[in-house]
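For reference, the structure is listed below as structure tokens.
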Amino acid sequence: MVRHYWRRRITADLIDAFGAYFVTLVLFQLEGFAAAFYLSHHHEAIATFRAIGMPAAFILGPWAYFALLERSSHSATQGKTWLNLRVYTVEGEPVTLARATLRHLCRIAGAILALWPLALSGAKVPSLLHWLLLLLSIPSAFWFYYRFVDRVSGTHVVPSEYPPPPSRG
């Protein structure tokens with residue numbers, strides 16, 4: 001295939017992690033400005049904002065970055081665009097919003113699979129055992145993510161030097 005494909009793909013995912021974090025922070029700030037204006041006159045709604053508004057920014061931000069950009073006309077997130085990668089379906093067509101959302105859910109599953117030892121610790125400072133389990137779980141989560149994300153979502157990440165896979169007719 002293309003030289004250094006996996007290096008490009010992993011680098012694109014790291015760039016995309018920072019991009020999704022930035023979009024989440026911007027969305028959180030916009031939501032905070034709107035809430036500050038509204039909540040200054042409606043103090044009883046502060047608890048509702050903390051329970052619904054704040055988590056919504058951290059759910060919708062990464063989804064908006066990954067799913068909407070992979071669904072766009074470029075068929076790629078910003079990291080994939082910079083490294084000349086595109087996302088297509090198995091049939092060679094652009095990714096639908098449902099498949100892009102499924103790819104994003106696979107990312108969340110990979111993160112949960114990687115970070116489960118820290119969730120088990122239940123302490124502010126995890127013990128050495130939890131850090132060792134984390135060291136073991138991260139490579140397996142990467143392997144699982146890159147092995148199954150395309151199979152589950154029915155997509156392929158293809159270098160833009162190559163045309164998309166041919167459509168089945």
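Brief remarks on what is shown
- Trypsin sites (Lys or Arg not before Pro) within segment 68-169, DSSP loop, no more than 10 other Cβ atoms inside 10 Å: 124, 168
- GNM result for the chain, Cα springs below 10 Å: residue of 15, 108, 46 fluctuating most strongly: 46
- Accessible area per residue (1.4 Å probe, heavy atoms of protein chains only) ranks 149, 125, 90 as 125, 90, 149, with the largest value leading.
- With the simple spin-label model, which puts each label point 7 Å out from Cα in the Cβ direction, the residue 7 to residue 30 separation comes to 3.7 nm.
- Virtual spin-label span in nm between residue 21 and residue 58, 7 Å along Cα→Cβ: 1.4
- Residue 132 paired with residue 40, simple spin-label distance in nm, labels 7 Å along Cα-to-beta-carbon: 5.4
The values are calculated or read from the model by the stated rules, or taken from the named source; none is laboratory data. Everything numeric in this text was worked out from a predicted model, so none of it was measured. Please note: Cβ atoms are built from the backbone with ideal geometry, for glycine as well, and neighbour counts cover all protein chains shown. Surface accessibility is based on the protein's heavy atoms, side chains included, excluding ligands, DNA and RNA. Shrake-Rupley method; radii C 1.70, N 1.55, O 1.52, S 1.80 Å.
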